[in-house]
Amino acid sequence: MEGITGATFTVSNLRTLGVDHFTPIVNAPQVVILGLRQIRQASRPGSLTFDHRVIDGAYGGRFLLTVQEEMSR
């Protein structure tokens, strides 16, 4: 996992494997991972998993809503 050394936020996308939706798992010491879905009209962006010891769920929810709004532009 040399490529993620020092990272706090990861974006994962399994679209090339034909996966439409999945729940990503945070790899410590990271704090957040965003699992993106295939982009479709009126689709939610994906799943956001985060460490509640570091970030409150309300902030994570607002971030996911912002991503969804930007994707629908």
Checklist outcome for this item: Listed by chain and number, the residues whose amide H is under 5 Å from that of S12, excluding neighbours fewer than 5 places away on the same chain and using placed H, are L34, G35, L36
Item to check | Spacing of the two label points (7 Å from each Cα toward its C-beta) at I55 and L14, in nm | outcome: 2.0
Next on the checklist: If I take R0 = 25 Å and measure r between the Cβ atoms of Q68 and I25 in this structure, what FRET efficiency does the formula 1/(1 + (r/R0)^6) give, to the nearest 0.05?
Outcome noted: 0.70
Checklist entry - Residue by residue through region 16-30, which ³J(HN,Hα) values in whole Hz follow from phi under the Karplus form 6.51 cos²θ - 1.76 cosθ + 1.60 (θ = phi - 60°), with glycine and proline marked x? => result 5, 9, x, 8, 8, 8, 7, 10, x, 10, 5, 9, 4, x, 5
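No lab work stands behind these numbers, since they all come straight from the coordinates. Everything quoted here is computed from the prediction, not taken from an experiment. So basically every Cβ, Gly included, is an ideal-geometry build from the backbone, and we count neighbours across all protein chains shown.
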